[in-house]
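To keep things clear, I will list the structure first and then write my remarks on it.
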Amino acid sequence: MTITFSHGTSKVPLPTSVLLFLTHTLPRVTPPNIIRGRIKLEPGVCRTSLDQLDTFTHLWVIFLFDQNTNWTDALCSDSQRFTYTAKIAPPRLFGKRVGVFSTRSPHRPNPIGLSVVAIDSVDEKEGVIHVSGVDLTDGTPILDLKPYIPYDVVLDHVVPAWVMAEDVPAWQLRIAPEAEAVLRELAVERGSPYYSTYEDLVALLRDVLLQDVRSIHKGRGTTVKAGSGTKPGDEAPEPFTCNIDDIAVEFVALEDAIYIVRCYEECRDALDAEPADEKAAAEARDARQGKEEAASKGTAPSTSSCLPITQVQ
């Protein structure tokens with residue numbers, strides 16, 4: 001699921017370079033460590049760049065919001081320029097707007113994001129970093145990686161009250177029998193490297209969905225009564241759909257629970273192709289190269305050249 005915000009009218013040039021790629025299909029919410037992924041270096045990046053990274057516990061990931069609508073609309077336009085909104089309505093303010101630089105919105109003058117992940121392990125030989133606490137979508141271009149150090153902690157920081165406010169009910173997770181059967185089957189058959197049991201999948205869904213992944217425009221924080229739509233003349237509530245680890249999940253928010261009504265597997269992106277699938281891997285490389293060329297076309301000259309260095313899966 002891609003979370004999008006409204007477009008504005010200000011114009012800025014597209015960024016001219018990218019460094020890395022990260023993959024994991026998840027909404028941008030505060031991630032518990034159950035949400036896992038991996039960062040894989042591109043062939044042109046020396047594997048020894050990872051030397052001693054396993055001596056740290058956490059990692060800063062600096063990335064590009066490549067899936068926001070400002071970016072994709074700009075790539076399809078003649079001007080190669082995108083718009084953004086100067087004032088944003090964060091979910092916890094329920095419609096009230098504040099300046100974009102007071103938010104973590106992906107729609108920014110330069111659509112660059114910052115996230116912290118836990119380092120589970122580092123395979124220097126294969127050029128892979130196994131991470132958890134991931135809150136990025138599949139194929140996200142990463143600009144840089146930096147180790148998290150004690151100086152990054154500010155003990156006497158102050159934030160507005162709305163930042164810490166609890167804006168969603170204390171839900172439980174409930175799953176319809178049909179959806180449970182699909183999840184049990186997928187846990188066994190699809191061979192996910194991260195969630196190989198039904199219990200793993202349920203833990204993932206619970207940690208993500210109970211934070212309410214809906215935007216304010218999609219009814220974040222709102223609920224319906226259990227049994228709605230079951231009586232003659234009642235209109236059944238429309239499920240909200242999001243993609244979590246290549247599983248499409250349809251759910252409704254009840255007063256006491258997030259209720260999953262349907263699940264099904266979505267096709268994996270060619271970016272996830274195994275090395276043995278040479279044709280798919282080549283197509284994925286061509287797609288990434290075309291994306292990079294499109295992003296750089298028509299922009300201001302850059303004094304340095306940045307190449308993709310990793311892919312996260």
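The values are calculated or read from the model by the stated rules, or taken from the named source; none is laboratory data. Model, not experiment: these values are computed from the prediction. Note that we place each Cβ from the backbone using ideal geometry, even for glycine, and neighbour counts take in every protein chain shown.
No other residue among GLU199, GLU126 is closer than 30 Å to GLU255 by Cβ and either among the basic types (Lys, Arg) or surrounded by fewer than 15 Cβ atoms within 10 Å (Cβ to Cβ) (or both) apart from GLU199.
Conditions (1) surrounded by 14 or more Cβ atoms within 10 Å (Cβ to Cβ); (2) more than 25 Å from LEU41 (Cα to Cα), marked per residue:
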position	(1), (2)
ASP120	yes, no
LEU143	yes, no
TRP171	yes, yes
PRO177	no, yes
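How about region 59-91: which of its residues are outside any loop (DSSP other than H, G, I, E, B), at pLDDT 80 or above and surrounded by 15 or more Cβ atoms within 10 Å (Cβ to Cβ)? Scanning region 59-91 gives LEU59, TRP60, VAL61, ILE62, PHE63, LEU64, ILE88. Every test in (1) surrounded by 15 or more Cβ atoms within 10 Å (Cβ to Cβ); (2) not in a helix (DSSP H, G or I) is passed by VAL154 save one, and that test is (1). Report, by residue number, each residue of region 239-254 that is of a type in the set (S, T, N, Q) and at pLDDT below 90. Answer for region 239-254, where residues must be of a type in the set (S, T, N, Q) and at pLDDT below 90: just ASN243.
The residues of region 117-161 that are hydroxyl-bearing (Ser, Thr, Tyr) and in contact with a helix residue (DSSP H, G or I) (Cβ under 9 Å, 6 or more places away or on another chain) amount to a single one, SER121. Look at (1) at pLDDT 90 or above; (2) surrounded by 14 or more Cβ atoms within 10 Å (Cβ to Cβ); (3) acidic (Asp, Glu) and you find that ASP207 fails only one, number (1).
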